[in-house]
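Everything below concerns the one structure shown next.
Each reported figure results from applying straightforward, stated rules to the coordinates on display, with no laboratory input. As the structure is a prediction and not an experimental result, all values here were calculated from the model. Methodologically, a virtual Cβ is constructed for each residue, glycine included, from the backbone with ideal geometry; neighbour enumeration extends over all protein chains shown.
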Amino acid sequence: METQLLHLGDLKFNLDVWLRELKFHKEELGFFEKKLGELSIRNLGQEAMVPLEKFQNKIANEKDALNKLKHRIKFKMNLLDKLTDLDKVDNSHRSNQVLLSEEMATFNKLNVELKAKMMNYFLRWL
């Protein structure tokens with residue numbers, strides 16, 4: 001019985017860590033968005049503005065994906081919080097967690113790639 005409770009706690013721990021990661025990514029995206037806004041008023045010309053606008057669009061898409069993922073994680077957390085009967089913790093809960101884990105890994109990978117591209121852009125135009 002104690003082992004089942006630990007597994008439920010482990011599932012909740014993963015969800016909590018992912019929510020913290022998403023919070024960090026959201027703040028970081030806001031930081032990059034602000035810097036792009038500052039660059040946009042410098043009148044750097046078309047060569048700088050085209051990629052800048054693409055980055056702004058990508059950030060908007062990234063924030064949307066982040067919010068959807070955050071919502072799914074919170075929904076899963078609420079489901080786990082409602083479990084009182086330890087026998088209800090079964091493989092479906094773990095399977096859904098694996099799917100969320102894969103989505104987090106994909107999100108993190110895409111986020112790192114976007115950030116690297118933006119950093120190269122900033123190196124050129126700052």
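Using only side-chain charges placed at the Cβ, +1 for Lys and Arg and -1 for Asp and Glu, the dipole size of the chain relative to its Cα centre rounds to 460 debye. Model label sites at V112 and S95, defined 7 Å from Cα along the beta-carbon direction, differ in position by 3.0 nm.
For the pair M119 and D81, a Förster radius of 35 Å applied to the C-beta separation gives a FRET efficiency near 0.35, rounded to the nearest 0.05.
With respect to the chain, whose longest principal axis is taken over its alpha-carbon atoms, helix 2-40 is tilted by about 10°.
Against the chain, whose longest principal axis is taken from its Cα atoms, helix 91-125 shows a tilt of about 10°.
Angle of helix 46-82 to the longest C-alpha principal axis of the chain, folded into 0 to 90 degrees and rounded to 10: 10°. Neighbours of M49 by Cβ distance under 14 Å: Lys/Arg scored +1, Asp/Glu scored -1, total 0. Exposure proxy shown here: for H71, H25, the number of other Cβ atoms within 10 Å sets the order, fewest to most, as H71, H25.
Evaluate the Debye formula for the chain with equal point scatterers sitting on the alpha carbons, no solvent, and hand back log10 of I(q)/I(0) at q = 0.09, 0.22 Å⁻¹, in q order, two decimals. Debye intensities relative to I(0), on a log10 scale: -0.37, -1.20.
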